[in-house]
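One structure is given below, encoded as structure tokens.
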Amino acid sequence: MPPSRALYRRERSPMSGLGRRGDALAGLSERSFDVLVVGGGIVGAGVLLEATLRGYRAALVERNDFASGTSSRSSKLVHGGLRYLARGEVGIVRDALRERANLLRRAPSLVRPMPHVFPLRSQVHRLAVRATLTLYDRLGSHPAHTLVSRDEIAARDPDLARLAPFGAARYHEAQADDTRLVFATLVAAVERGAIVANHIAALRRRRWGDRVRTALRDERGGATIEVEARCVVVAVGAHFGDARADFDWRAMALRPAKGIHAVLRVTPRDANVLIRSPRDGRYLNTLPWHGHVLAGTTDTPASREEIDDPRPSAEDVAYVLDAVRPLYPDSDKRVRAAWAGIRPLINAGGATTVGLSREDEIASPEPGVLAVAGGKMTTYQAMARRTMDLVDRNIGRRRASEEAPLDDPLPPSEKRLVSDAPFTRGELEAAARDGMVETLDDLLTQRVGITLVAPDAVREHARDWAKVVAPILGWDESRVARETEDVRTRAARFAPP
Ligand SMILES: Cc1cc2nc3c(=O)[nH]c(=O)nc-3n(C[C@H](O)[C@H](O)[C@H](O)COP(=O)(O)OP(=O)(O)OC[C@H]3O[C@@H](n4cnc5c(N)ncnc54)[C@H](O)[C@@H]3O)c2cc1C
């Protein structure tokens, strides 16, 4: 049974494990750390937790809100990656499958099994897909794949049957709530002694004996402080190259790639059906997500402007719709939201970003500093372990790591905010109270998550929801008005172009 709203009033939610921002700022200015992590996406959160599990005094700063970058704009798949197998990247796939099993076990409320359906176009295609999936199973994908005949599909799903003249292969991956996974990881770290603060930008660094001093600016209050650490781990995703914070290291020359998703207001199937783009033959996902279909993605080189402000173009959305139309014929009229993220791909050469490996890179561009990028959400814990192995070597290991369970910090409650998406008033109130919320956008986009699905509802109800949380956050009328205005402007950017 989901907990009732009364329970939320009485008890603090697991999100309270994040701590209070004021306490975090005080802790940052008073203490010196073993490890300072810059960047509050999934990679930074993973490094922070691993550092804490190994007994280091660790802190993390994020210049916007936690998980406001690529880590909330992914396809939400925790997967081995069939595409990489087709390119012969067997080692990456084996590692990712191991991490998938790991996350399914450690974070069952956030990472759930997701069946995949691969329509088969021809006899040759059928043989090729079977061979790939047999290898996938051998590398550790469970349960093993099965084949479904065209007749079986036609009996249940005529639209899908038209795409599958030779039947379909059914196999399994997992689907995560990517944003909540970041928060669960941060909460697990803070519960073990770490400090985290959002809206704090890391600026320049200077060497101080065997330490590194990093200037931090409070993006809300404007104050600047300096924090001392034995090691700084920079996990800023696609933002390497940002000269403002001295992250323009040659060792981290990435080739960032933009990917977009469209959220369709249609009845989802119970599986991710893989759809082939008629334009270039790439496969796109059509995932069930919050009662909608999450369709994507694209893969195009990202410009400097797009890295700072990724947005889908009308052409990006048209590419996705061209692919999904055979499965969802009226999808053109059903686009409720569209948003973009930037993959921090390692520059491995080649003409297009589609061919680049998702392998990660950990570099030491200057003494006392490690930079980590690339990889994917699925492998974030493995990246964190390897990063911390290097930290261990530099500053001496404190203790062996252990496994930390990861729980959804905002468990579901009953009363919905809107009738056609499963976001609740209980989540809204609990996140406002416990979730280090600075702005209405933090609350609706990164904590509750409704903006990515229903930006129309956010624009319509922003004021009502701001009033609900105003007593919790101590907002007066003018603050409610300002936050409402700001969140409406931001939500408009999630509306289809
Ligand atoms: C379209 C798309 C689909 C994807 N799908 C999947 C998928 O299905 N499965 C999967 O496993 N992976 C997927 N990925 C990859 C995955 O999302 C990324 O690899 C991962 O989220 C990167 O996390 P990160 O922490 O490195 O970057 P980010 O999440 O971008 O975090 C970096 C953070 O650093 C902060 N920052 C920058 N500069 C500073 C500074 N000076 N001070 C403080 N903070 C700073 C930024 O604000 C940002 O929040 C996908 C990626 C994209 C784009």
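The values are calculated or read from the model by the stated rules, or taken from the named source; none is laboratory data. In this text, all values refer to a predicted model and were calculated from it rather than measured experimentally. Cβ coordinates were reconstructed from backbone atoms using ideal geometry, including for glycine residues, and neighbour counts include every protein chain displayed. Accessible surface areas use protein heavy atoms only, side chains included; no ligands, DNA or RNA. Shrake-Rupley method; radii C 1.70, N 1.55, O 1.52, S 1.80 Å.
Of the residues making up region 68-98, those that are of a type in the set (G, A, S) and over 19 Å from the mean Cα position of the chain (by Cα) are A86, G88, G91. The set of residues in region 207-218 that are assigned to a strand (DSSP E or B) and either in contact with a helix residue (DSSP H, G or I) (Cβ under 8 Å, 6 or more places away or on another chain) or more than 22 Å from A26 (Cβ to Cβ) (or both) comprises R207, L216, D218. For region 453-467, the count of residues that are in contact (Cβ under 8 Å) with a residue 40 or more places away in the chain, open to solvent by 10 Å² or more (accessible area, probe 1.4 Å) and among the aliphatic types (A, V, I, L, M) is zero.
Every residue, every condition in (1) among the hydrophobic types (A, V, I, L, M, F, W, C); (2) under 23 Å from T445 (Cβ atoms); (3) in contact (Cβ under 8 Å) with a residue 12 or more places away in the chain, yes or no:
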| residue | (1), (2), (3) |
| --- | --- |
| S29 | no, no, yes |
| V38 | yes, yes, yes |
| V43 | yes, yes, yes |
| L53 | yes, no, yes |
| G69 | no, yes, yes |
| S74 | no, yes, yes |
| V78 | yes, yes, yes |
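Residue count for region 88-121 satisfying the condition of being over 23 Å from V182 (Cα atoms) and either touching a residue at least 40 places away in the same chain (Cβ under 8 Å) or buried (at least 22 other Cβ atoms within 10 Å of the Cβ) (or both): 10. Within the set of pairs 6+ apart or on separate chains, which have a first residue in region 364-380 that is assigned by TED's automatic domain parsing to the domain that holds A238 and within 6 Å of the ligand (Cβ to nearest atom), a second that is open to solvent by 10 Å² or more (accessible area, probe 1.4 Å) and of a type in the set (S, T, Y), and C-beta atoms under 7 Å apart? Listed pairs, sorted by first residue: M377/S71; M377/S74.
When residues in region 47-64 are screened for being within 8 Å of the ligand (Cβ to nearest atom) and crowded, with 24+ Cβ neighbours inside 10 Å, 2 of them pass.
Take the conditions more than 25 Å from I450 (Cα to Cα), at pLDDT 95 or above, touching a strand residue (DSSP E or B) at 6+ places or on another chain (Cβ under 9 Å) and buried (at least 18 other Cβ atoms within 10 Å of the Cβ) and apply them to A338. Does it pass? Considered against the rule, which asks whether it is more than 25 Å from I450 (Cα to Cα), at pLDDT 95 or above, touching a strand residue (DSSP E or B) at 6+ places or on another chain (Cβ under 9 Å) and buried (at least 18 other Cβ atoms within 10 Å of the Cβ), A338 comes out as no. Got at least one residue in region 405-420 being away from the ligand (no atom under 16 Å from the Cβ) and among the basic types (K, R)? For region 405-420, residues away from the ligand (no atom under 16 Å from the Cβ) and among the basic types (K, R): present. Could you tell me whether any residue of region 434-449 is assigned to a helix (DSSP H, G or I), within 16 Å of the ligand (Cβ to nearest atom), open to solvent by 10 Å² or more (accessible area, probe 1.4 Å) and farther than 29 Å from D476 by Cα? Checking region 434-449: not a single residue is assigned to a helix (DSSP H, G or I), within 16 Å of the ligand (Cβ to nearest atom), open to solvent by 10 Å² or more (accessible area, probe 1.4 Å) and farther than 29 Å from D476 by Cα.
If only residues of region 238-281 that are modelled with pLDDT of 85 or more and of a type in the set (K, R) are counted, the one that is nearest to the chain's Cα centre (by Cα) is K258. When restricted to residues that are in a loop (DSSP other than H, G, I, E, B) and within 10 Å of the ligand (Cβ to nearest atom), region 224-248 contains 6. Residue count for region 55-77, restricted to those that are farther than 21 Å from P344 by Cα and either touching an Asp or Glu at 6+ places or on another chain (Cβ under 7 Å) or not in a loop (DSSP other than H, G, I, E, B) (or both): 4. Within the set L181, L216, L203, the sole residue that is within 10 Å of the ligand (Cβ to nearest atom), touching a Lys or Arg at 6+ places or on another chain (Cβ under 8 Å) and not charged (D, E, K, R) turns out to be L203. Of all residues in region 94-107, those satisfying the criterion of being closer than 14 Å to A174 by Cα and part of a helix (DSSP H, G or I) are A96, L97, R98, E99, R100, A101, N102, L103, L104, R105, R106. If you check G41, G19, G80 for being within 13 Å of the ligand (Cβ to nearest atom), under 18 Å from A189 (Cα atoms), touching a helix residue (DSSP H, G or I) at 6+ places or on another chain (Cβ under 8 Å) and not β-branched (V, I, T), only one passes: G41.
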